[in-house]
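To start, the structure itself, in structure tokens.
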Amino acid sequence: MAVDPNLIDDLEWRGLLANSTDLDALRAELSEGPVKFYVGFDPTAPSLHMGNLVQILTAKRLQDAGHAPYALVGGATGMIGDPKESGERALNSLDTVKDWVRRVQSQIQPFLSFEGDPEFTGSNGATMVNNYDWTAPLSTIDFLRDIGKHFPVNRMLARDVVRTRLEDGISFTEFSYILLQSMDFLELYKQHGVKLQFGGSDQWGNLTGGVELIRRAVGGKAHAFSTPLVTKADGTKYGKTEGGALWLDPELMSPYAFYQFWLNVEDVKVGELLRIFTFLSREEIEDLDAQTAEKPFLRAAQKALADQVTSLVHGRGETEKIKAASAALFGGGDLHELSVPTLAAALREAGGAKVETVGTIVELMVAAGLAKSNGDARRTISEGGAYLNNTRVEDPEFVPGESDLIGGSWLVLRRGKKTLAGVEVG
């Protein structure tokens with residue numbers, strides 16, 4: 001089976017091409033046969049996040065089209081970190097970075113095939129590499145002679161992030177990061193025949209630095225392209241929530257909270273995110289675009305987005321648990337049949353309170369923030385608007401018993417049809 005000749009067209013339609021060194025030449029090479037490519041991830045945190053997911057899924061698209069991925073987790077570059085516009089990065093210990101390397105590798109692995117597809121001519125199986133393996137043994141003298149001599153300082157000073165930092169100061173450590181990343185491309189080019197690198201558009205200077213180093217050092221021809229940064233409608237970055245980054249690790253961000261993020265994206269951005277983060281076909285996405293335009297209140301596109309991305313990251317089974325929990329919380333199922341971790345995550349997301357002992361339903365409603373006062377809670381109950389575990393409560397003196405505790409510690413309170421809160425007991 002030949003490689004997919006429509007790969008570049010699909011990437012363009014999905015809005016995944018921000019910059020390219022020579023798009024026509026890249027298109028021709030990708031159409032001729034399998035190309036080895038790489039994308040890098042620096043372990044500067046214990047988990048990957050939404051921005052990294054763009055690169056992982058783009059790598060999967062290239063592999064699905066017949067090309068061979070090299071997933072680089074930077075045990076060396078992660079010790080330094082790419083320069084930030086806002087200030088110097090804190091340096092992490094070698095042991096910490098090694099631990100994060102293992103975590104990041106385990107997050108990437110499920111998305112790629114390390115055996116390859118036997119239907120393709122040639123092997124397109126993925127390879128995991130760590131740049132610490134070839135960087136650590138390198139002496140300073142060799143690094144300066146073999147790599148540093150190919151980088152004019154005036155060009156390094158012209159990089160946007162460096163110019164931004166010059167006034168306040170940038171260390172030589174971060175200033176030299178581009179040399180390390182460029183050396184990675186040269187090493188993979190020489191040792192494995194890797195001819196393409198891609199990354200986020202904020203990495204464009206590093207990407208082209210590698211292409212240029214290959215040309216200068218060994219007279220080779222390589223390619224690079226970048227994906228756009230994903231931003232909200234107002235231009236600010238996605239990937240940050242009130243609690244921090246949109247992490248892929250379920251211990252840092254619950255699958256329920258992850259699902260809710262995608263479910264609540266703006267109408268104006270949902271089509272773009274469907275193209276970038278899902279493998280739905282062009283016809284399916286254009287149909288969802290039409291539904292958003294005609295009946296936005298149904299939120300069909302957001303539901304499809306949340307379903308697809310959560311299933312990719314956390315698995316179909318977890319997505320079904322989340323959907324069951326969402327339905328049950330508002331009367332569409334038996335709360336006692338839900339997975340307790342999923343229910344707990346949903347209730348923490350909804351908000352509420354933690355109490356040592358169970359009081360009356362009035363006291364619980366006030367504690368959970370569903371009523372402003374005892375009198376307000378009593379009025380809600382008398383009007384038939386108070387629910388405990390989806391059952392209407394009519395007695396303001398009612399005290400929930402042990403059998404009412406879901407999973408041994410949770411009560412689900414609701415005011416009216418839509419205002420929800422959880423109470424954790426203990």
State which stretch of the chain is the longest one without any exposed trypsin sites (Lys or Arg not before Pro), exposure meaning a DSSP loop state and at most 11 other Cβ atoms within 10 Å.
1-371
Size of the range 168-242 as Cα extents on the principal axes (Å, biggest first)
46, 29, 17
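Starting from the eigenvalues of the Cα gyration tensor, five times each then square-rooted, give me the equivalent ellipsoid semi-axes of the range 131-273, largest first, whole Å.
Numbers: eigenvalues 241, 67, 53 Å².
Equivalent-ellipsoid dimensions as semi-axes: 35, 18, 16 Å.
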Per residue accessible area of the chain, 1.4 Å probe, in Å²:
47
For the pairs Lys98/Lys237; Lys60/Lys269; Lys60/Lys303; Lys295/Lys372, flag any whose C-alpha to C-alpha distance is greater than 25 Å.
Lys98/Lys237; Lys295/Lys372
Between Val153 and Ile141, 0.36 nm times their residue separation minus their Cα-Cα distance comes to what?
2.5 nm
How much accessible surface area, in Å² rounded to 10, belongs to the heavy atoms of Met79 with a 1.4 Å probe?
60
Give, in nm to one decimal, the length gained when the segment between Phe114 and Ser403 is fully stretched (0.36 nm per residue of separation minus the Cα-Cα distance).
99.1 nm
Charge dipole magnitude, Cβ of K and R +1, D and E -1 - the range 171-244, Cα centre, debye nearest 20:
300
Carbon/sulfur accessible area of the chain, % of total, 1.4 Å probe, equals 49
Please work out the ratio of the alpha-carbon Rg of the range 274-368 to 2.2 N^0.38 Å and round it to two decimals.
1.41
Regarding the range 1-128, what whole-number volume in Å³ per residue does the convex hull of its Cα atoms give?
116
Post the alpha-carbon centroid distance, the range 154-197 to the range 384-426, in whole angstrom.
57
Under 5 Å, built H, 5+ apart or other chain: amide partners of Lys36
Ala68, Lys195
Amide H of Gly75 versus every other amide H placed in the peptide plane: which residues, excluding those fewer than 5 positions away on the same chain, fall under 5 Å?
Asn131, Tyr132
Computed over all unlike Cα pairs, the Kirkwood hydrodynamic radius of the range 282-426 in Å stands at 16.6
Largest-first principal axis extents of the Cα set of the chain (Å)
83, 47, 38
So for the range 58-104, using the alpha carbon gyration tensor with a ≥ b ≥ c as root eigenvalues (a/c under 1.5 gives rounded; past that, a/b versus b/c decides prolate or oblate), I'd call it oblate
Residues of type aspartates and glutamates that Lys321 reaches as a straight line, Cα spacing below 13 Å, ignoring anything fewer than 8 places off in the same chain:
Asp307, Asp334, Glu337
Over its alpha-carbon atoms, the range 214-319 yields an Rg and a Dmax in Å of 17.0, 58
Net length gained if the chain between Trp13 and Trp134 were fully extended (0.36 nm per residue, minus Cα distance)
39.8 nm
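Which longest run of the chain has no exposed loop site in it, a site being GluC sites (Glu not before Pro) in a DSSP loop with at most 15 other beta carbons within 10 Å, and the site itself not part of the run?
267-355
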Here FRET efficiency (C-beta to C-beta, Asp267 to Lys417, R₀ 22 Å, nearest 0.05) is 0.45
Tabulate in residue order the Karplus-calculated ³J(HN,Hα) for the range 343-350, using 6.51 cos²θ - 1.76 cosθ + 1.60 with θ = phi - 60°, rounded to whole Hz; enter x for Gly and Pro.
4, 4, 4, 5, 6, 5, 5, 6
If you average the sequence gap of Cα pairs under 8 Å that are 6 or more apart and divide by the length of the chain, what percent do you get for the contact order?
14
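The values are calculated or read from the model by the stated rules, or taken from the named source; none is laboratory data. What you see is a predicted model, and the numbers here were worked out from it, not measured in a lab. Counting neighbours? That spans all protein chains shown, and the Cβs are built from the backbone with ideal geometry, glycine included. Each accessible area value is taken on the protein alone, full model and side chains, heavy atoms only, with ligands, DNA and RNA left out. Shrake-Rupley method; radii C 1.70, N 1.55, O 1.52, S 1.80 Å.
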